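The values are calculated or read from the model by the stated rules, or taken from the named source; none is laboratory data. Small disclaimer: the values here were computed from a predicted structure and weren't measured. A quick note on method: Cβ atoms are made from the backbone with ideal geometry, for glycine too, and the neighbour counts reach across all protein chains shown. Please note that ligands, DNA and RNA were not included when accessible areas were found on the heavy atoms of the full protein model with its side chains. Shrake-Rupley method; radii C 1.70, N 1.55, O 1.52, S 1.80 Å.
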Amino acid sequence: MAFELPNLPYAHDALEPHIDAKTMEIHHGKHHNAYTTNLNNAIDDTDLATSSIEEILGGISGHSPAIRNNGGGYYNHCFFWEVMGPDAGGAPSGDLADAINAAFGSLEDFQNQFAAAAATRFGSGWAWLVVTADGLVVTSTPNQDNPLMDDADVKGTPILGIDVWEHAYYLNYQNRRPDYVSAFWNVVNWDAVAEKYAAAV
Ligand code: MN
């Protein structure tokens, strides 16, 4: 059983003007595709062929760097496409909104903390909103690591994440990572985040 690159759930230009079509085309078709191919190559001679990606990440400390980097890259990008969408943005509602308010005080306070995590992650990585045993937490990870990994600093189930590798924003935003993070709020699919929250708790 090989992992497969999922189709984008919307057109390349669906997130414009916040994320441009060329970035989406290269990010999905080249970067995510390469992580998928390289993950399959990395597990080819292992006993992981029937494991889910979540199972692989949960035991990542026992696997090779190639499985860590490409397994993380495979999962993180599948996740990223899901938590964005056209006609999105705005504010969460229901149980998710209540949980964000309880953990951070307000949506604005959460967004500030998340943006700070994204801005201060040195080099390449991700910022996350994570369901942990202690409630909702903002964290960030280097490279293609994520909170499902057994050796993550903050372990839990991610429900929102942003890719802050330069390949995610450089064509449109160049060195202005904070502008990209600000624009991200316009494409967050809060319905998808709420589904992930409900499944995690
Ligand atoms: Mn990426």
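List of remarks:
- Cross-chain or 6+ apart pairs with Cβ under 8 Å, region 1-12 first and farther than 10 Å from Cys78 by Cβ, then at pLDDT 95 or above and assigned to a loop (DSSP other than H, G, I, E, B): Pro9/Gly85; Tyr10/Gly85; Tyr10/Pro86
To keep it simple, each residue is scored yes or no on (1) under 28 Å from Asn175 (Cβ atoms); (2) not hydroxyl-bearing (Ser, Thr, Tyr).
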site	(1), (2)
Gly85	yes, yes
Thr120	yes, no
Gly135	no, yes
Thr139	yes, no
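- Region 156-183: number of residues that are in contact with a strand residue (DSSP E or B) (Cβ under 7 Å, 6 or more places away or on another chain) and more than 13 Å from the ligand (Cβ to nearest atom): 6
- Which listed residue, of Gly90, Gly123, is out of contact with any helix residue (DSSP H, G or I) (no Cβ under 8 Å at 6 or more places or on another chain) and of a type in the set (Gly, Ala, Ser): Gly123
- Any hit, region 89-104, residues being within 16 Å of the ligand (Cβ to nearest atom) and at pLDDT 95 or above: no
- Tabulated pairs, region 29-47, first closer than 16 Å to Tyr75 by Cβ and within 16 Å of the ligand (Cβ to nearest atom), second open to solvent by 70 Å² or more (accessible area, probe 1.4 Å) and modelled with pLDDT of 95 or more, C-beta under 8 angstrom, 6+ apart or interchain: Thr36/Glu4
- Just so you know, in region 56-85 the residues that are surrounded by fewer than 16 Cβ atoms within 10 Å (Cβ to Cβ) and over 17 Å from the mean Cα position of the chain (by Cα) include one that is farthest from the ligand (Cβ to nearest atom), and it is Gly62.
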